[in-house]
1. Find the Rg to Rh ratio for segment 92-155, where Rh is the Kirkwood radius over alpha-carbon pairs and Rg uses the same atoms.
2. Between Lys147 and Val11, how high is the FRET efficiency from 1/(1 + (r/R0)^6) when r is the Cβ-Cβ distance and R₀ = 45 Å? Nearest 0.05.
3. Fully extended, how many nm does the chain gain between Ser102 and Asn160 (0.36 nm per residue separation, minus their Cα-Cα distance)?
4. Quantify, in whole percent, the carbon and sulfur part of the accessible surface of segment 76-175 (1.4 Å probe; protein heavy atoms only).
5. Obtain the nm distance between the two label points defined at Gln25 and Glu79 by a simple spin-label model: each point lies 7 Å from its Cα along the Cα-to-C-beta direction.
6. Rounded to whole Hz and in sequence order, give me ³J(HN,Hα) for segment 121-127 from the Karplus expression 6.51 cos²θ - 1.76 cosθ + 1.60, θ = phi - 60°, writing x for Gly and Pro.
7. How large is ³J(HN,Hα), in whole Hz, for each residue of segment 153-158 in order, when computed from phi with the Karplus curve 6.51 cos²θ - 1.76 cosθ + 1.60 and θ = phi - 60°, using x for Gly and Pro?
8. Which whole-Hz ³J(HN,Hα) couplings does segment 97-107 yield from phi under the Karplus relation 6.51 cos²θ - 1.76 cosθ + 1.60, θ = phi - 60°, glycine and proline marked x?
Amino acid sequence: QYLKERRQFGVPIGSFQALQHRAAQLFCELELSKSIVMQALRAEHRTPNIESGTSAVRVPQSPLFLDEFSTLGENFLAEFYQERGFSCSTISPENFPLQPVSLADLGGADSKSNAQITRRIFSGEERGPKRDAVLLNASAALFVAGKVKNLSDGWDLAINLIQNGHAAKKPEDLI
């Protein structure tokens, strides 16, 4: 709020790129710190109950902060814009046609097994929760790359790329 209200040279100081970058960095560090604390608390199998005067504040269970989207629950999303700063939101699994999933359903093994799983997903043979995880992350990648206007369109395009065989051909092109 301070960056929006405080003015220097007749403009809000939040319009200065150096302060935008610093604010974004501080925000990310704060969110990472929250994630670390929540992970530590989950490791202890307890939810904190912080007393503040006469009212109690319960810290909600929140999703893990990963470098990819997860089909296991809500995903935190931070979008950074050159001119407008950044915005934060959550992506809910209910927005996509996901199958019921557990962490064990998403597990892989060694590199050979993981390569086989990838081939099965790209060829259309694997249609379970692992495929859903790939589709969700592919939809985000397609959105970031500017190939689609939203994540839902990205989901549909990712399905089409698998169904028409383009996904199966791509790893071979890279080798």
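The values are calculated or read from the model by the stated rules, or taken from the named source; none is laboratory data. Just so you know, these numbers come straight off a predicted model, no measurement behind them. Every residue, glycine among them, receives a Cβ derived from its backbone with ideal geometry; neighbour counts consider all protein chains shown. Note: areas computed on protein heavy atoms with side chains; ligands, DNA, RNA excluded. Shrake-Rupley method; radii C 1.70, N 1.55, O 1.52, S 1.80 Å.
1. 1.00
2. 0.80
3. Gain on extension, Ser102 to Asn160, equals 18.3 nm.
4. Result for segment 76-175: 55 percent of the exposed heavy-atom area is carbon or sulfur.
5. 2.5
6. Karplus values, whole Hz, x for Gly and Pro: 5, 5, 7, x, 6, 8, 10.
7. 5, x, 4, 5, 5, 4
8. Once rounded to whole Hz, the list reads x, 8, 7, x, 9, 10, 4, 4, 5, 9, x.
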